[in-house]
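The values are calculated or read from the model by the stated rules, or taken from the named source; none is laboratory data. All values reported here derive from a predicted model rather than from experimental measurement. Neighbour counts run over all protein chains shown; Cβ positions are idealised from the backbone, glycine included. Areas reflect the complete protein model, heavy atoms only, side chains present, ligands, DNA and RNA absent. Shrake-Rupley method; radii C 1.70, N 1.55, O 1.52, S 1.80 Å.
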Amino acid sequence: MDSGKPAAEVVIEGELSPFEHEALYKLLKKHFRLEQPVYSEILDEEIGTRVNLTFHHPYERGFFVDIFREDWRGLKELFKQIR
């Protein structure tokens, strides 16, 4: 595991398609130390799927520029597909 990368955790409430799961994992794995997403049952019947991301990194101006780089746009597009 690359100790130079910040850690991240992903918890999925509900379900993702296999494509969405793989795309999310690959995108985040490029920039973070990451285990496979954890799935749990969603309790709110009005929500189809909820993706909880926890980044173990201080929130600062350079977070998206230095860590995510251009993949931030890809992550936003993936979330649009998931919803």
Look at region 12-55 and say how many of its residues are among the aliphatic types (A, V, I, L, M), open to solvent by 30 Å² or more (accessible area, probe 1.4 Å), farther than 26 Å from residue 65 by Cβ and assigned to a strand (DSSP E or B). 1
Does residue 65 satisfy the criteria of being over 11 Å from the mean Cα position of the chain (by Cα) and either open to solvent by 40 Å² or more (accessible area, probe 1.4 Å) or among the aliphatic types (A, V, I, L, M) (or both)? yes
Kindly list, by first and then second residue, each pair from a residue in region 62-80 that is among the charged types (D, E, K, R) to a residue that is surrounded by 15 or more Cβ atoms within 10 Å (Cβ to Cβ) and assigned to a helix (DSSP H, G or I), limited to pairs with Cβ atoms under 6 Å and residues at least 6 apart or on different chains. 71/27
May I ask you to list the residues in region 42-62 that are under 17 Å from residue 11 (Cα atoms), of a type in the set (Ser, Thr, Tyr) and more than 11 Å from the chain's Cα centre (by Cα)? 49
Is it the case that residue 59 is open to solvent by less than 60 Å² (accessible area, probe 1.4 Å) and outside any strand (DSSP E or B)? no
Here is a check on your reading of the model: is residue 9 surrounded by 12 or more Cβ atoms within 10 Å (Cβ to Cβ), within 22 Å of residue 77 (Cβ to Cβ), touching a residue at least 60 places away in the same chain (Cβ under 8 Å) and out of contact with any Phe, Trp or Tyr (no Cβ under 8 Å at 6 or more places or on another chain)? no
